[in-house]
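For reference, the structure is listed below as structure tokens.
The values are calculated or read from the model by the stated rules, or taken from the named source; none is laboratory data. Here the structure is a predicted model, which means the values were calculated and not measured. Using ideal geometry, Cβ is built from the backbone for each residue, glycine included, and neighbour counts are taken over all protein chains shown.
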């Protein structure tokens, strides 16, 4: 029974559509999040992420489709359950702590029907879990930004919500603290066995926290999958561009299943399903190109970014195309140096080059993701 309950869908969105005035903010979004999982919605500002989160919380009505929690419909165009009846907690990007209340009073604020002793025990338990034991009597202004965020999280967790929604909770913090807190928050949510949905534009944050993640663009959910699949097998060019560093290059497949490209003639099992003469776009990530002084593929280093153990180099090939590659940071390569590159694709993600609906991108699934043609729907 226990293993089966963990696989049940807690949150389900079915062809959800949200329109404000004449503008469609969310368009046809379908997804589900299993009980105990942490999900994440990624995408640029204005893509509909926060509107979708507000609809799940019950603060935004829906134009079409439905939202269900644990199999019970809570939002549709004809009926909406009140936010306070949904058993949902929220953490906001501005923390929203009450400045006149102590840490203990902030955390226990939502436990309206609990006794004083129950509140005290829960506050003590959560302060231990977030690494702030003994902070009960402090006020928000006496805490650092990271400590305030931990308290805001504890306050949302105190009533034991069945679903926790987090709206860019770390955006006001510096990059190093964001990633560290994301890992800590994931551990805390797993210990509390809380299902959560996070909204962010920071993919490192998403990868540190999420079991499932999706990329939104112009109100559409382009792909909902594991972070690994989003990175290695993106089903849309926008997803490929948004997740990880990489570039999209053009190529043409010939009758022998090889592809003429700015990287030279490439061979890969995924190309065997592509018709002769088909123009394609293919994804090149930094780890797909290995620095190799013996390679005939040459380029000039245009920029270098320090990434700790590695440097990320922007290399302009002799054809004029710019690509990215990684090299150990102890190797002294300078801007202006010539560099040989050897293609080394584990995954070759190929998209149809025509019928682009987004500026510079295809709005379709890849034509041939890693060897298997996409099934065409009627």
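If the requirement is being modelled with pLDDT of 85 or more and surrounded by fewer than 12 Cβ atoms within 10 Å (Cβ to Cβ), which of these qualifies: 293, 359, 343? Result: 293 is the single residue among 293, 359, 343 that is modelled with pLDDT of 85 or more and surrounded by fewer than 12 Cβ atoms within 10 Å (Cβ to Cβ).
Residue check: residue 88 meets all listed conditions (1) at pLDDT 95 or above; (2) over 18 Å from residue 108 (Cα atoms) but one, namely (2). Being within 21 Å of the chain's Cα centre (by Cα) and under 11 Å from residue 91 (Cβ atoms) is not true of residue 174. In summary, residue 159 fulfils each of the numbered conditions (1) in contact with a strand residue (DSSP E or B) (Cβ under 8 Å, 6 or more places away or on another chain); (2) within 30 Å of residue 20 (Cβ to Cβ); (3) in a loop (DSSP other than H, G, I, E, B) with the single exception of condition (2). Only one of the listed residues (239, 280, 199) is crowded, with 18+ Cβ neighbours inside 10 Å, assigned to a strand (DSSP E or B) and under 13 Å from the mean Cα position of the chain (by Cα). That residue is 199. Scanning segment 303-321 for residues that are surrounded by 16 or more Cβ atoms within 10 Å (Cβ to Cβ) and under 25 Å from residue 233 (Cα atoms) gives 310, 311, 312, 313, 314, 315, 321.
If the condition is being over 19 Å from residue 51 (Cβ atoms) and crowded, with 22+ Cβ neighbours inside 10 Å, then segment 209-222 contributes 209, 210.
Yes/no per residue for (1) outside any strand (DSSP E or B); (2) surrounded by fewer than 19 Cβ atoms within 10 Å (Cβ to Cβ):
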position	(1), (2)
170	yes, no
182	yes, no
224	no, no
250	no, yes
255	yes, yes
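Per the listing 65, 46, 39, the residue uniquely on the phi > 0 side of the Ramachandran plot and not in a loop (DSSP other than H, G, I, E, B) is 65.
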